[in-house]
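Taken together, the values in this text are just the output of simple stated rules run on the coordinates, not laboratory data. Since this is a predicted model, take the numbers as computed values, not measurements. Counting neighbours? That spans all protein chains shown, and the Cβs are built from the backbone with ideal geometry, glycine included.
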Amino acid sequence: MLRFARNDINMLYYSNNTTQTFNLGKKTAANLRGGDILTLSGELGAGKTVFIKGLASGFGIKQTVRSPSFNLMKIYKLPRPKKIKFFAHLDCYRLHSAQEVIDIGLLEHLAAPDTVCAIEWPEKIARLLKKFQTRKIKISILKNGQRKISVN
């Protein structure tokens, strides 16, 4: 399970299938706080969206979670809000400029005390994210189909 204590340095996990990646995301949700920003990087098909679907499930979100590639961002309202009321899922894959995410209101959600943000393809808005504390999750595909999930 990923833990997001502020003094963590690096963590490494291995997943043998999408179910394990989903479950890792689901368990991770319990350790997040409002204001947390997760950046997920890795090649196409590595499992970033699977991990995010697990996060959403861990938050109790029943809606089908898909990568918001064409509309860039999807905000989910948590069904049992406590300290976290919203889950923002951003996919920058088709992004042309960082201004696009500013225009759709991303800055209102980044580090908001009642929101957790998960960002796929964060390298596209790296300059914008520099002023925020983020947890970097990198998912790599290994030769045998296994996934290596590293957290910094």
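Numbers at a glance
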| item | result |
| --- | --- |
| Long-range amide H partners of Leu78 with built H, under 5 Å | Phe86, Phe87 |
| Spacing of the two label points (7 Å from each Cα toward its C-beta) at Lys62 and Glu43, in nm | 3.9 nm |
| Separation of alpha-carbon centers, the range 89-138 and the range 27-82, rounded to whole Å | 13 Å |
| Set of lysines near Lys62 by C-alpha distance (under 23 Å), chain-local residues within fewer than 8 positions excluded | Lys26, Lys27, Lys48, Lys53, Lys74, Lys77, Lys82, Lys83, Lys85 |
| Karplus-derived HN-Hα couplings along the range 37-53 (A = 6.51, B = -1.76, C = 1.60, θ = phi - 60°), whole Hz, x at Gly and Pro | 10, 10, 10, 10, 10, x, 5, 4, x, 6, x, 4, 5, 4, 4, 5, 4 |
| Helix-only mean residue ellipticity at 222 nm for the chain, each DSSP H run of n ≥ 4 adding -39500 (n - 2.57), per residue, nearest 500 | -6500 deg cm²/dmol |
| Using a Förster distance of 30 Å, the FRET efficiency for Arg80-Ala111 (Cβ separation, nearest 0.05) | 0.85 |
| Low-density loop positions, chymotrypsin sites (Phe, Trp or Tyr not before Pro), the range 56-147 - DSSP coil, at most 10 other Cβ in 10 Å | Phe70 |
| Förster radius 22 Å - calculated FRET efficiency between Asn31 and Asn10 (Cβ-Cβ, nearest 0.05) | 0.85 |
| Residues Ile119, Ile102, Ile84, sorted so that the one with the fewest Cβ neighbours within 10 Å comes first | Ile102, Ile84, Ile119 |
